[in-house]
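Bear in mind these aren't lab numbers, they're just calculated from the coordinates by the rules spelled out. Every value quoted in this text rests on a predicted model; they were computed, and no experiment measured them. When we count neighbours, we look across all protein chains shown, and the Cβ atoms used for this are built from the backbone with ideal geometry, even at glycine.
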């Protein structure tokens, strides 16, 4: 649950990041910026902002906007509709993003999980993405990511998004945003 | 067939456009910019430049760069591997692009086909895309597009690309670039 005023403040801040990165969106897209607080009501620390360009039965493209130190918490995209889980590529466009995936644990990782939720973060193979760098995630594998000191804008290129079936390791998370008026 | 020196000049020019639009690519991507002269050896008028970010068995993302007035000639993406043809969305990032698709003929279209190849241009429903605007093409439908007065950069989000089976209406076209050393 996120208050309407807070939601609108976060949208404005998101638009500022896009402008700084010279990424143009339409007025309608600006109205539809998604603030995903994931039901935790702690958007400055946990959650992310999205602009969804398209999501058809075959493919999907979005911009993901992360504020400095903001964490998109650990989750995976399970198989659906007889197909493998969502295949997604993250391409950093601006700022820096730290991505954590399954694989050998990175010694001295750059990021810590949001306070109080450490137990839900179990994959520690770190991938650093600066502008122009990208990484393709295997379907249905655990991952989480955090914005660097300036935040980050990431283009996501993927197969169809089915956010409603995403599996989060933190059972307190609800993927659908609820706004309190 | 395109001369190596011309090819390299076109790559440099392409990198200038990306820089102007604040789109960052890696040094390796810069080395692999594709100049598609389509075998016509008339790249200033017919052809396009591409940076391919990814092309997996499920999805694909590219930047397409068009110089002012440069035309990507009429083609379609036929079904393959038991699937419908490539589904692609063009999102204008910078400049302006005029896209022509199947549908009611636009009166007084903004563009003309490259001289001498008029007969191969048969679809005339015009879609104008400015930065932030996008259009999704139905699989296997004819389309062509031309850069506006400043040129254009277009993000293409799509299912898998199989350039080698693209069908062009001009039988003189060869999709694979050949460079003369």
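Tabulated results
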| quantity | calculated |
| --- | --- |
| Counting DSSP beta bridges with both ends in segment A:2-180, the antiparallel % (nearest 5) | 95 percent |
| Residue with peak Gaussian network fluctuation, chain A [Cα springs, cutoff 10 Å], from A:54, A:137, A:64 | A:54 |
| Residues listed by number, segment A:118-156, amide nitrogen under 20 Å from residue A:175 label point at 7 Å toward C-beta | A:120-123, A:136-146, A:154-156 |
| Kirkwood hydrodynamic radius over Cα pairs of segment B:138-181, then Stokes diffusion coefficient at 25 °C and 0.890 mPa s, in µm²/s | 182 µm²/s |
| At R0 = 22 Å, FRET efficiency that the Cβ-Cβ distance of residue B:105 and residue B:141 yields, to 0.05 | 0.90 |
| Kirkwood Rh, Cα atoms: Rg over Rh of the protein assembly as shown | 0.99 |
| Relative packing of peptides B:150-162, B:79-91 - highest average C-beta neighbours within 10 Å first | B:150-162, B:79-91 |
| Mean-position separation - Cα centroids, segment A:89-119 and segment A:32-62, in angstrom | 18 Å |
| Model label zone, residue B:26; criterion: amide N under 14 Å from point 7 Å along Cα-to-beta-carbon; scope segment A:128-150 | A:128-137 |
| Those residues of segment A:73-89 whose amide nitrogen sits under 18 Å from the label point placed on residue B:84, 7 Å along Cα→Cβ | A:81-83 |
| Dimensionless Rg ratio for segment A:42-81, taking C-alpha atoms and the 2.2 N^0.38 Å reference | 1.42 |
| Debye intensity ratio I(q)/I(0), log10, segment A:2-180, q values 0.10, 0.17, 0.18, 0.19 Å⁻¹ (C-alpha model) | -0.35, -1.12, -1.28, -1.45 |
